[in-house]
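Each remark here refers to the structure printed beneath this line.
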Amino acid sequence: MKGVLRTAFQLRSRINLKGKRGVYFYAVLSGVFAAFIALAFQHATHFILSALTSSDSGRIVESFSNLEYWRRIFSLSAGGAIAGIILLFAAKKVKKRPTPYMEAISIGSGYIPVRANLLRSLAAIVTIGSGASIGREGPLVQTVAVFSSIFGRYFKLSVPRLRLLIACSAAGAMSAVFHTPLAGGLFVCEIVIGTVSIDIIAPLLVASCTSYAVLNAIDKAAPLYEISTAHLHVDIKILICTMLLGICASILAGLWLRLLSTSRRILNGNINFLPFRLILAGLAVGIISIYYPEVTGNGAHIIRGIVSMDFGLGEISAILALKILSVVLFFGAGAVGGVLTPSLTIGGVFGFVFAHMMIAAGVPLETEEIIGFSIVGMAAFFTTAAAAPLTSLMLVVEFTGAGRLIYPLIIAVLVSYGISILFGIKSMYADAASGGIKSAFNKPLRSVRIKDIFRKTSDTVSLTESFESIAKIFLRNPEYAIYVVSKSNRYLGGILRNDILDFIKSDALSGNVIAEDIMRSNIPVLQSDMPIVDGIKVFSENPDCETMPIVDSENKFYGIVNRSDLFMGFSEIARRDKLEN
């Protein structure tokens, strides 16, 4: 029996998911999970679309184009009514408010209320499936984040690790939506977390690439808008036009963000009228769709039409204006959905219009160059809208497969980002990461205490705990140490994993051994109110310690801190603190 215990303990001690390697295990798990949730979300929206339009195509514009006029209006209005009722129920009957995943990652503790957020996801599925002019990426990522939060809290992950788990799931979800494994990780790192470091970006990319791999295994995940005809010859003419497009797209994006904010402030009033507002928004967009069905959905059909040159300048200009109006109506009325894809669509259409304006001004452009400017406009517009130049660049390249445009894209993205900084334009994600309960990750570094980073644990034992029970605890959870407390929860000492392993290897009898016999009282201890910087110093002075116990002012056991969690939290807070100052 002792030999079996020895072998099991040796194997289990090598598999510790709460160590640094565990981050990548959770990243892979998040990517797989995100891919399947994305597929389920997509099937759910297709089911709603099919139920309302009796079409099995799965494409919103195609389905609406084949509908009678009254059914177009009915579909959008019915979807708005159902979604509004769900949101009103959530606001009235659910006590905890929904927490955006961006808030939970960027400034929160990783806790995301379940019922409020899942009800919003359900409302979003109905809204998107009914043909509303809004994207699906936001509610999809939120849905994945809810389940990741549940998983992380069930396994009692520390605050830094829980936040990173949700961030990995968000990266996987973005990759699943857009088939963009690199941009998925960059999106979360640059837009949500706000800092780019190898410790953060590496697991995010693992998650997003895993999600992309799963999608490829199930069904080929090709670029959503693969464009082989786009090209821009890099000469002084194209350089000047690209810079001018970056400036104009940035200004337009600033106006777009102001329009979204104003519509939300004016239209989104009394919560009791939410269903009626969404019905009216659906009614208005339904009437528009009688003449221009392209305004429905997230704008994918419009991008494809630009690439194949299906639209003339007059028609696409009208579609651009009506698309903006449609998104503003739904967003302002309180619909749950994403604005990322509508933003990309608006940027792409503007780039198309800009190219025709250059032709009218006497600049000769070929067809492939017109398409090229459409893609550049997409990246430049989104750069200002999201305040994320790296994500914009990689997203559009992966989104379209237009790698040949990398140089003009870099120019437009940098010019757009510079203009947004010059005019102080806040991104469309600024509000999503600014409210709610703040955590340690939104405090100045000097204000963060050890207790802000700690992880609770139930793996404490009494002085009289038997050796067999202690060994079983290590098998279940191979931590660096198990800590010994008194009946009143006062900290007494710790039992190291290596000591248990050495004891099992020896020929000593363990039947009568208890915790007091193998406990160490010289393990370094952290005070709960100790600044995080001092905690880093204690760990640096004790390089062999993977975890340390935390005690309060009365020496009562408070929890534990893992070395990698503490350094991960310190790194992020320090970088953000430096950037903000």
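Give the percent of DSSP beta bridges with both residues in the chain that are antiparallel, rounded to the nearest 5.
Working: 16 of 20 bridges.
DSSP beta bridges in the chain are roughly 80 percent antiparallel.
Compute the accessible area per residue over the stretch 330-421, keeping the other protein chains in place, probe 1.4 Å, unit Å².
Numbers: 2340 Å² over 92 residues.
Averaged over the residues of the stretch 330-421, the accessible area is 25 Å².
List the pair-distance distribution P(r) of the stretch 114-220, using every Cα-Cα distance, as the percent of pairs falling in each 5 Å bin from 0 up to the bin containing the longest distance, rounded to whole percents.
In order of increasing distance, the bins hold 2, 13, 20, 22, 20, 15, 5, 2, 0 percent.
State the volume of the convex hull built on the alpha-carbon positions of the stretch 273-316, expressed per residue in Å³ and rounded to an integer.
Dividing the Cα hull volume of the stretch 273-316 by its residues yields 70 Å³.
Find how much the distance from Asp219 to Asp534 grows on full extension, using 0.36 nm per residue of separation minus their present alpha carbon separation; answer in nm with one decimal. Can you show the working numbers first?
On the way: separation 315, 0.36 × 315 = 113.40 nm, distance 5.08 nm.
Residue separation times 0.36 nm, minus the Cα-Cα distance, leaves 108.3 nm.
Starting from the 7 Å offset along Cα-to-Cβ, what nm value, one decimal, do you get for the label separation of Ser466 and Leu414?
7.0
Give the peptides 150-163, 257-270, 514-527 in descending order of average Cβ contacts within 10 Å, highest first.
150-163, 514-527, 257-270
What per residue convex hull volume, in Å³, do the alpha-carbon atoms of the chain yield? Intermediate values should be presented prior to the final figure.
Working: hull volume 96.8 nm³, N = 581.
Enclosed volume per residue, from the Cα hull, is 167 Å³.
Over the stretch 242-378, what relative contact order in percent results from Cα pairs under 8 Å that are six or more residues apart?
Relative contact order comes out at 32 percent.
For the ranges 460-470, 135-145, 59-69, 294-304, what's the packing order if you count other beta-carbon atoms within 10 Å of each residue, average per peptide, and put the highest first?
135-145, 294-304, 59-69, 460-470
Give the distance, in whole Å, between the Cα centre of the stretch 115-186 and the Cα centre of the stretch 459-498.
Cα centres, the stretch 115-186 to the stretch 459-498: 37 Å.
Highest first, please rank the peptides 412-424, 112-124, 312-324 by the mean number of other Cβ atoms sitting within 10 Å of their residues.
Result, highest mean Cβ count within 10 Å first: 112-124, 412-424, 312-324.
If you take the C-alpha gyration tensor of the stretch 281-432, multiply each eigenvalue by 5 and take the square root, what semi-axes do you get, largest first, in whole Å?
In descending order, the three semi-axes are 24, 21, 13 Å.
Under the 0.36 nm per residue contour assumption, what length would be gained going from the current alpha-carbon distance of Ser50 and His233 to full extension? Kindly include the intermediate steps, with their values, before the conclusion.
Values: separation 183, 0.36 × 183 = 65.88 nm, distance 4.42 nm.
This chain segment gains 61.5 nm when fully extended.
Rounded, prolate or oblate: which one fits the stretch 63-144, using the alpha carbon gyration tensor with axes a ≥ b ≥ c (rounded when a/c is under 1.5, else prolate when a/b beats b/c, else oblate)?
It comes out oblate by the Cα gyration axes.
Within the accessible area of the chain, what % is carbon and sulfur when the probe is 1.4 Å and the other protein chains stay in place?
61
What is the distance, in nm, between label points placed 7 Å from the Cα along the Cα-to-Cβ direction at Asp502 and at Arg490?
The two pseudo-label positions are separated by 2.8 nm.
Report, as a whole number in µm² per second, the diffusion coefficient that Stokes-Einstein gives for the stretch 302-342 at 25 °C and 0.890 mPa s using the Kirkwood radius over alpha carbon pairs.
Result for D is 216 µm²/s.
What percent do you get for the relative contact order of the chain when only Cα pairs under 8 Å and 6+ apart count?
Worked out over the chain, it gives 18 percent.
Tell me what the chain gives for mean residue ellipticity at 222 nm when only DSSP H runs of n ≥ 4 count, each as -39,500 (n - 2.57), the sum divided by the residue total, rounded to 500 deg cm²/dmol.
-20500 deg cm²/dmol
First measure r as the distance between the Cβ atoms of Phe276 and Lys96, then evaluate 1/(1 + (r/R0)^6) with R0 = 30 Å and state the FRET efficiency to the nearest 0.05. Don't jump to the answer; show the numbers that get you there.
Details: r = 25 Å, r/R0 = 0.85.
With R0 = 30 Å, the Cβ-Cβ based efficiency is 0.75.
Once you have the Cα-Cα distance between Arg264 and Ile85, take 0.36 nm times their residue separation minus that, and quote the gain in nm to one decimal.
Gain on stretching Arg264 to Ile85: 62.6 nm.
Would you pull out the residues with amide H under 5 Å of Val461's amide H, same chain only if 5 or more places away, H placed 1.01 Å from N?
Tyr483, Val484, Val485
With labels modelled as points extended 7 Å from the Cα through the Cβ direction, what inter-label distance (nm, one decimal) is found for Phe423 paired with Ile514?
Reported label-point gap for Phe423 and Ile514 is 7.4 nm.
Taking a 26 Å limit on the Cα-Cα distance, which of the listed pairs Lys156/Lys487; Lys95/Lys156; Lys156/Lys472; Lys323/Lys426; Lys156/Lys556; Lys96/Lys487 fall beyond it?
From Lys156/Lys487; Lys95/Lys156; Lys156/Lys472; Lys323/Lys426; Lys156/Lys556; Lys96/Lys487, over 26 Å: Lys96/Lys487.
The values are calculated or read from the model by the stated rules, or taken from the named source; none is laboratory data. Predicted model only: the values in this text are computed from it and were never measured. Cβ atoms come from the backbone with ideal geometry, glycine included; neighbour counts cover every protein chain shown. Surface accessibility is based on the protein's heavy atoms, side chains included, excluding ligands, DNA and RNA. Shrake-Rupley method; radii C 1.70, N 1.55, O 1.52, S 1.80 Å.
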